[in-house]
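Written out below as structure tokens is the structure these notes cover.
The values are calculated or read from the model by the stated rules, or taken from the named source; none is laboratory data. Keep in mind that this is a model prediction, so the values were computed, not measured. As a convention, Cβ positions derive from the backbone with ideal geometry for all residues, glycine included, and neighbour counts pool all protein chains shown. Ligands, DNA and RNA are excluded from the accessible area calculation, which covers all protein heavy atoms including side chains. Shrake-Rupley method; radii C 1.70, N 1.55, O 1.52, S 1.80 Å.
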Amino acid sequence: MDRYPRGRLWLFAALTILTLGLDLGSKSYSFAKLGVFQRTGWLFDIAGVRFEFQTSLNRGALWGLGQGYALWFAGLSVLAFVGIVYWLFVHGAARSAWLTVALAFVSGGTLGNLYDRVGMHGVAFPGEGRTALAVRDFLHFQFGSFDWANFNLADSFLVTGAIMLMIHSFREDTKRASATVADSKTESSTAASA
């Protein structure tokens, strides 16, 4: 028996490339149109929810944590991607279409931010002559007085994949619990009939 259905490798590759392309394309477009550290102004303000395009560079990770550790985060990204490919296609997790899709979203997001962290985008901080080792962010929301950190599509794909992994873990726990109950009922009826 195959470790996983044949089409799963193609599904994973296609979704990873699609999410990576959407992320890199949207970052390039936003920065080409606006420049660095620019904003459109609020494009909508509905019931206290506001949105604008606002370009920024993040030398850290989530919410700006770990500023200055871009290369360290880049190394973690490489390890994460290698681990995902191993888990899916060597360990056999690609038997699950759900896991394949979730991990393709995580991979696309990881690779999109990795591209930025190693400076392949060519964008520099104003006044600096070298390419910034930083992630390009351009989406900005405000909820009432709470100002959400700028983010990009890679971040959205990473979060989507993480939520899908969490849902998968809950579904697997439910399946295991159901199997355990069924096994104990079978054992009880076998013992009673003996």
- prompt: Tell me, which residue of the range 73-89 that is open to solvent by less than 70 Å² (accessible area, probe 1.4 Å) and of a type in the set (Val, Ile, Thr) is farthest from residue 135 (Cα to Cα)?
  reply: 85
query: Out of the residues in the range 164-194 that are under 30 Å from residue 77 (Cα atoms) and open to solvent by less than 80 Å² (accessible area, probe 1.4 Å), which is modelled with the lowest pLDDT?
result: 172
field: Single match in 129, 119 (criterion: surrounded by fewer than 21 Cβ atoms within 10 Å (Cβ to Cβ), on the phi > 0 side of the Ramachandran plot and in a loop (DSSP other than H, G, I, E, B))
entry: 119
field: Count of residues meeting criterion [free of Cβ contacts under 8 Å to residues at least 24 places away in the same chain and part of a strand (DSSP E or B)] in the range 7-49
entry: 3
message: Condition (residue is in contact with a strand residue (DSSP E or B) (Cβ under 9 Å, 6 or more places away or on another chain), open to solvent by 60 Å² or more (accessible area, probe 1.4 Å) and among the aliphatic types (A, V, I, L, M)) applied to the range 30-46: is it met by at least one residue?
response: yes
field: Filter result (open to solvent by less than 60 Å² (accessible area, probe 1.4 Å), at pLDDT 95 or above and not polar (S, T, N, Q)) within the range 49-72
entry: 49, 51, 52, 57
task: Restrict the check to the range 103-115 and report whether at least one residue is over 15 Å from residue 19 (Cβ atoms), open to solvent by less than 50 Å² (accessible area, probe 1.4 Å) and either modelled with pLDDT of 95 or more or more than 16 Å from the chain's Cα centre (by Cα) (or both).
output: no
message: Looking at the range 114-129 only, could you name the residues that are in contact (Cβ under 8 Å) with a residue 12 or more places away in the chain and either within 18 Å of residue 64 (Cβ to Cβ) or of a type outside the set (Ser, Thr, Tyr) (or both)?
response: 114, 116, 117, 118, 119, 121, 123, 124, 125, 126
